[in-house]
């Protein structure tokens, strides 16, 4: 359908230029006859020249339509690499936040992505987003992983080995931890015994009240526990 319309448009333009040139020729001839003077100082109309210009213009238009639209060079994206930062998913847990409709995206409820300028409502979808194709493209990376060389694999093994050596526990470390726990438990028992002893020392029996003094003070109901 598009090719048919283009052909009709081209034919119409050729027909229009021919009619226009014909009218120009007739107009110039009539002007020369009416004036009765020599107009050689004016530029004479060359029909073949204008027709050649029209053909050249049509040829350029046809070439422009036939020529495919050039696309830019493909973007060379870096291969996917390991994330060099820790994803923060817990810093806002348990906190209260006032959200207004006019607040910027970074202050709205959810997890804000500054790279894509969007808000994701929960942590699961946020992880899917930052690991997804759209986010990685915004960072200039593709979803292809670079193939590791033998040297890189060996270096990685060395790093993991050193990390394991630093974090490993020997039998001596285990004995020291057990001994430390026993000492802490004995210290707690000692403190409990001291507290009980202090309570016993404070719980001193009340001194006996003389009956006459008690009667004078209105404590007639009290009797000494010692019998005479």
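Every read-out reported here was derived from the displayed coordinates using simple, explicitly stated rules and does not represent laboratory data. Computed from a predicted structure; not experimentally measured. In this analysis, Cβ positions are derived from the backbone assuming ideal geometry, glycine residues included, and neighbour counts consider all displayed protein chains.
A few comments on the model shown:
- Exactly one residue out of 137, 156 is over 22 Å from residue 99 (Cβ atoms), in contact (Cβ under 8 Å) with a residue 40 or more places away in the chain and surrounded by 11 or more Cβ atoms within 10 Å (Cβ to Cβ): that is 137.
- Matching residues in the stretch 74-96 - criterion: being within 21 Å of residue 109 (Cα to Cα) and touching a residue at least 24 places away in the same chain (Cβ under 8 Å): 87, 89
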